[in-house]
Amino acid sequence: MNASIAARIALRELRGGLEGFRIFLACVILGVAAIAAVGTVRSSIAEGLAREGATLLGGDAEIELTYRFANEGERAWMNEAALSVSEIADFRSMALFQERRSLTQIKAVDDAYPLVGKLELSPDISVSEALAMRSGQPGLVMHPTLAERLGATPGDTVRLGTKEFRLTALIEREPDTRSAGFGLGPRTIVKRTSLEGSGLLQPGTLFSSLYRLDLPPGADLSVMKRAAESALEGSGMRWSDARNGAPGVAEFVDRLGAFLILVGLSGLAVGGVGIAAALRAYLAGKVRVIAILRTIGADQATIFMCYLIQVGLLAAIGIAAGLALGVGVPVGLASLIEARLPVPAVFALYPAPMIEAAIYSLLTVLIFTLWPLAQAREVKPAALYRDAEAANTLPELRFIAATVTAIATLIAAAAFFSGDLWLTLWTAGGIAGALLLLALAGTGMRHLAYRTRRYTRGRVALGWALAAIGGPGSTASAVVLSLGLGLSVLAAIGQIDRNLRDAIAGDLPEIAPSYFFVDIQRDQMPGFSARLERDDGVDRVDAAPMLRGVLTEINGKPAAETAGDHWVLQGDRGVSYAASLPERSTITDGTWWSANYSGAPQVSFAQEEALEMGLKLGDEITVNILGRDITAEVSSFREVDFSTAGMGFIMIMNEAALVAAPHSFIATVYAEETAEAAILRDLSEQFPNITAIRVKDAVEQVSDLLAGLASATAWGASATLLTGFLVLIGAAAADQRARRYEAAILKTLGASRARILSGLALRAALLGAAAGLVALVAGIAGAWAVSHFIMGTQYSVVWSSALFIIAGGATISLLAGLGYALGPISVRPAGVLRARD
Amino acid sequence: MRILEAISLDVHKGDTLGLVGPSGSGKSSLLMLMGGLERASSGEVRALGQDLSALSEDALARLRRDHIGVVFQSFHLIPTMTALENVATPLELAGVSDATERAQAELHEVGLADRAGHYPSQLSGGEQQRVALARASAPRPNILLADEPTGNLDSQTGAAIIDMLFGLQARHSATLVLVTHDPGLADRCDRVIELHDGQLTERPQAPDQAARAL
């Protein structure tokens, strides 16, 4: 083989232009662009979060305590370590304006707030001015959403607890926000000192205290973290620092980005089908050229190299154009996107997502072109005087091995870039399985069409359509493969999304309580219960003491050593106590303590979670509550059902273990919808410090979040579908010559243009609908598996989405088919037929 | 470029007409004009009393469906359809209720009853041309147009096809126009027209010549 000769021939061949490679290029460009675009947005957000880390956090570092403020010793350490410290209390409460009440997340700040960044207000006044005491009334600022809910405007008097405040401004931008917009209560900011006399922040109130530290320049954050952990050991504190100012958001964006890129890979796989088809069509037209080259002395390796070089050059052009598009669009639209993002982003050219997209594309091109290229090697000089057809045999073993290696490399690269091996393997398996299923479905469809053709007597157009689907040269497999994958993903999303949202928004409110009431003081409990007992609209009230604690140790060792990264260990959890087994509770193992038990602390643990964490009866767990470690023996396991949104505690201790600690009560109220407003009004009036959380509002929030996730995934799947559409156009274009010929014969036999058109349309629509049907079956199977195995929810087929998928498949196929039907129906038969003589 | 110029030709019902001439002389173009498969840039083409140049594409298609059968050198069967489906298609287009049965009978006529379920790619050239003949004759056309029907066949197969073609023409009393390079084949027709540079001349046929050739 002579590589330079192969290159020279390759360039001569490409001199003719890129006519036969438009679909090839389009598939590469679209696949690269989709992945590069998602990657660029992800990197831009990551960079934004990194740069704004300190601002998002509100300081160089933050120490969070649950349920209490720092004691003198802790505060002294902070004052010594930092140049300045800002103390914030963060908790939920109710804001009241005239007769309107709304849940709000209160940030009670000190004079140092904000340590970093700027709180932007409307009207544009300073924080100290906004929160200052004026005419005996302290100021507060709130998020416009809350003001809108209350119907309040700056200048109005708003009540928090039992105290009145003046709404001085609305929050335009809160620098230290880490929630990316998800929260039940919109923000209210107030001076902590102003809350005195409001009845809020009493002992037992559920709140977090946040200490933002402004550290000396050049302070080593990891050293500082270790120092804090050592100095404040046993305090139950949580450390965050500017290296990752919004860990939740960063992780969410990272996971969502990785998932969308994997969805993008399915688009690349569909594009691969189109790339292979385009190359096969191109090589089929080159059989004579190859035969001539072989006749005049070119060996197989030269032929292979010649066309590999052409494929490589085209792939390079496609990847370059795809990267320009995929990076150019988000960077070009940076200001638009930034305005809509709830998190900071720095849009720029990031090499990592570009390299990732290029590697994926290059490997995909290789995977889908090696096979046809290897077959081109097999063209014999005899093809010159025999029927010139490309070989359709299995290529040599080394080419199969090379293809398998390329697939393995692609999976390894995807696992590396996504950082999630199992998700990658599931996705790769899913794509491969889906492609195989779709290929089988295409073959099945051909057989079905062949068998049913005989039953179409009298329906000429339908008969032709079935003959074309079931006969030689059928495009059934091409259509099903190109549309099937995108439609399958869309079908699964449609089914999962609707089922999940139905389960949350439809079924849950049926069994869930109307309200959660938190921060009820012990002395308020009798009055609280009395108001509900005399209300006929109330079906049931559950109440329990509520503390929060962090599970730190299991059997004297750090809890993570036994339970890994189980969710129960992530942050603080609700802990309750009870003398006797609460109503509707079932002990599954062990025994409940006696009613007057006052020995060493014992704990009853949720059974399912205990099993997942590897806890056994008799194990000792240490829970840090209010900075105090309480070690208790696991004496029983309980069944806890979190799916009803009712009251469910992972840990319940015996009464004596916790009763002395400052705490409040939590209550769930199950009431008729008509009674809800009056309950809220009366209880808020009587107990202004109590916070009510309406379950329906929470359900709506979760439902909206799910809708957002589903829509992001649907956009990813749409890119796959668009690639499928391109592949379909390619298939239709490649098939057009055959359709023109067929139309010419039919015209000769007396078929009108309308009949020919209806035959072509019917064929395209039938194939598209069938692709939709196959995708629907795959989507329903996937959705059922997700609902059944992962979500643990009931599953029922969503017929509206199902019909949409089938109709969508038919429409897309019809559009691609009709675009290429005008040529065949307008042919003059003689010209086409004589050209074939 | 002018292919046919200032020509006039009448073909009567039941006639068999041979069109001969060198390549590029316009034989096939003339045949295509007769079948309404091409349109003349000027002049008039009438068939079965209708002015073809005045008919729309679809009207021409209907005329062929009901009255004209065409046989080509390259057979031109629909590759996605079986032999039976190919023959049934013009009958189905005409709304014939027993199209499949009649198509089966036509295949039987040309000796291909046992190949009905085969696709064109599974048939030999001779078999494909027999299917094409069956398809052309199935609707009982008034006119049969054949464009070098033996051009792609060996002489033995070709002769068998020609016998069948003339047999069908005789059985249905159709008018047959046959384009051929083969003088012997042309001599089997009642009339022979020679084309040269777009001009036609009728070759005198001895009254008994056609009969003898048979």
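Brief remarks follow.
- Size of charge dipole - the stretch B:1-103 - debye, nearest 20, with Cβ of Lys, Arg +1 and Asp, Glu -1, no other charges: 240
- ³J(HN,Hα) computed for each position of the stretch A:615-629 - Karplus, 6.51 cos²θ - 1.76 cosθ + 1.60, integer Hz, glycine/proline x: 7, 10, 4, x, 5, 10, 10, 10, 10, 8, 10, 6, x, 10, 7
- Anisotropy class of the stretch A:480-616 from Cα gyration tensor, a/c 1.5 cut: oblate
- Per-peptide average of other Cβ atoms within 10 Å, ordering B:36-42, A:601-607 highest first: A:601-607, B:36-42
- Alpha-carbon centroid distance for the pair the stretch B:172-188 / the stretch B:1-78, whole angstrom: 15
- For the stretch B:47-59, 3J(HN,Hα) computed residue by residue from phi via the Karplus equation (6.51, -1.76, 1.60; θ = phi - 60°) reads 9, 6, x, 10, 7, 5, 5, 8, 8, 6, 4, 5, 5 Hz, glycine and proline entered as x.
- Alpha carbon Rg of the stretch A:331-465, scaled by the compact-globule rule 2.2 N^0.38 Å: 1.64
- Here is how the number arises for chain A: DSSP H runs of 4 or more residues each give -39500 (n - 2.57), the sum is divided by the residue count, and the result at 222 nm is -18000 deg cm²/dmol.
- Each of A:Thr145, A:Ala731, A:Ser604 was placed along the dipole of chain A (beta-carbon charges, centred on the mean Cα), and the one lying farthest toward the positive end is A:Ala731.
- Farthest toward the positive end of the dipole of the stretch A:67-223, out of A:Ala76, A:Gln98, A:Leu115, is the Cα of A:Gln98, where the dipole comes from beta carbon charges about the Cα centre.
- Relative to the globular-protein estimate of 2.2 N^0.38 Å, the Cα radius of gyration of the stretch B:4-112 stands at 1.23.
- Percentage relative contact order, chain A, counting C-alpha pairs under 8 Å, at least six apart: 17
- Across all Cα pairs in chain A, the calculated P(r) in 20 Å bins from zero up to the longest distance comes to 13, 36, 29, 17, 5, 0 percent per bin.
- Calculated mean residue ellipticity, 222 nm, chain B: -11000 deg cm²/dmol, from DSSP H runs (n ≥ 4) at -39500 (n - 2.57) each, averaged per residue and rounded to 500.
- Förster radius 45 Å - calculated FRET efficiency between A:Thr157 and A:Trp422, Cβ distance, rounded to 0.05: 0.20
- Normalised by 2.2 N^0.38 Å, where N counts its residues, the alpha-carbon radius of gyration of the stretch B:66-106 equals 1.16.
- Taken residue by residue and averaged, Cβ atoms of other chains lying within 10 Å of the Cβ of B:85-92 number 5.
- Ranked by the mean number of other Cβ atoms within 10 Å of their residues, highest first, the peptides A:446-458, B:9-21 fall in the order B:9-21, A:446-458.
- Cα-Cα separations in the stretch A:278-385 greater than 19 Å, expressed as whole percent: 58
- For the stretch A:249-341, fraction of C-alpha pairs farther apart than 20 Å, in %: 59
- What separates the Cα centres of the stretch A:535-583 and the stretch A:62-132 is a distance of 27 Å.
- Cβ-based exposure ranking for A:Met525, B:Met34, in which fewest neighbours within 10 Å come first: A:Met525, B:Met34
- Calculated on alpha-carbon atoms, Rg and Dmax of the stretch A:605-653 in Å: 11.6, 32
- Calculated FRET efficiency for the pair A:Asp539/A:Ala677, C-beta based, R₀ 22 Å, to 0.05: 0.85
- In this structure, the amide hydrogen of B:Ala94, modeled 1.01 Å from its nitrogen in the peptide plane, lies closer than 5 angstrom to no residue at least 5 positions away or on a different chain.
- Set of the stretch A:1-43 residues, backbone N closer than 13 Å to the point 7 Å along the Cα-Cβ line of A:Leu333: A:34, A:37-38, A:41
- Taking Cα centre as origin and charging only the Cβ of basic (Lys, Arg, +1) and acidic (Asp, Glu, -1) residues, the dipole magnitude of the stretch A:549-690 rounds to 360 debye.
- With contacts taken as Cα pairs under 8 Å at a separation of at least 6 residues, the stretch A:87-232 carries a relative contact order of 32 percent.
- If the convex hull is drawn through the Cα atoms of the stretch A:112-232, its volume per residue in Å³: 151
- Straight-line cross-link partners of A:Lys616 among the lysines, defined as a Cα under 19 Å from its Cα and at least 8 positions apart when in the same chain: A:Lys557.
- Sequence-distant aspartates and glutamates (8 or more away, or on other chains) whose Cα lies within less than 18 Å of A:Lys380: A:Asp299, A:Glu389, A:Glu396
- Note that the stretch A:1-60, at 20 °C in a medium of 1.002 mPa s, gets a Stokes-Einstein diffusion coefficient of 136 µm²/s from its Kirkwood radius over C-alpha pairs.
- Prolate/oblate/rounded label for the stretch A:38-158 (Cα gyration tensor, a/c 1.5): oblate
- Working note: Cα gyration tensor of the stretch B:94-214, eigenvalues times five, square-rooted, sorted largest first, giving semi-axes of 28, 16, 13 Å.
- Three-way shape call for the stretch A:387-449 based on the alpha-carbon gyration tensor, with the a/c threshold at 1.5: oblate
- Taking the Cα centre of the stretch A:58-189 as origin and assigning +1 to Lys and Arg Cβ atoms and -1 to Asp and Glu Cβ atoms, the resulting dipole is close to 640 debye.
- Put simply, the convex hull of the Cα atoms in chain B casts, on average, a shadow of 11.8 nm².
- One chain, two ends: B:Ala40 and B:His196. Fully extended at 0.36 nm per residue, the span grows by 54.4 nm beyond their Cα-Cα distance.
- Per-residue shielding of A:737-748, expressed as the average number of other chain Cβ atoms within 10 Å of the residue Cβ, stands at 5.
- Taking Cα atoms only, the orientation of helix A:3-14 departs from the longest principal axis of chain A by about 90 degrees.
- Considering only Cα atoms, the convex hull volume of the stretch A:300-361 works out to 80 Å³ per residue.
- Stretching the chain fully between A:His788 and A:Leu14 yields a gain of 273.3 nm (0.36 nm per residue, less the alpha carbon separation).
- Cβ-Cβ FRET estimate between B:Asp10 and A:Ile292, R0 fixed at 51 Å, reported to 0.05: 0.50
- Between A:Ile756, A:Phe165, B:His172, the Cα set farthest toward the positive side of the dipole of the protein assembly as shown (charges on each charged residue's Cβ, about the Cα centre) is that of B:His172.
- Linear extension gain, A:Glu120 paired with A:Arg238, 0.36 nm per residue minus alpha-carbon span: 39.7 nm
- A P(r) calculated from all alpha carbon pairs of the stretch A:334-378, with 5 Å bins opening at zero, reads 5, 17, 13, 12, 13, 11, 9, 7, 5, 5, 3, 1 percent.
Laboratory data are not the source of any read-out in this text; all were calculated from the coordinates shown. Nothing here was measured: the structure is a model prediction, and the numbers come from that model. Neighbour counts run over all protein chains shown; Cβ positions are idealised from the backbone, glycine included.
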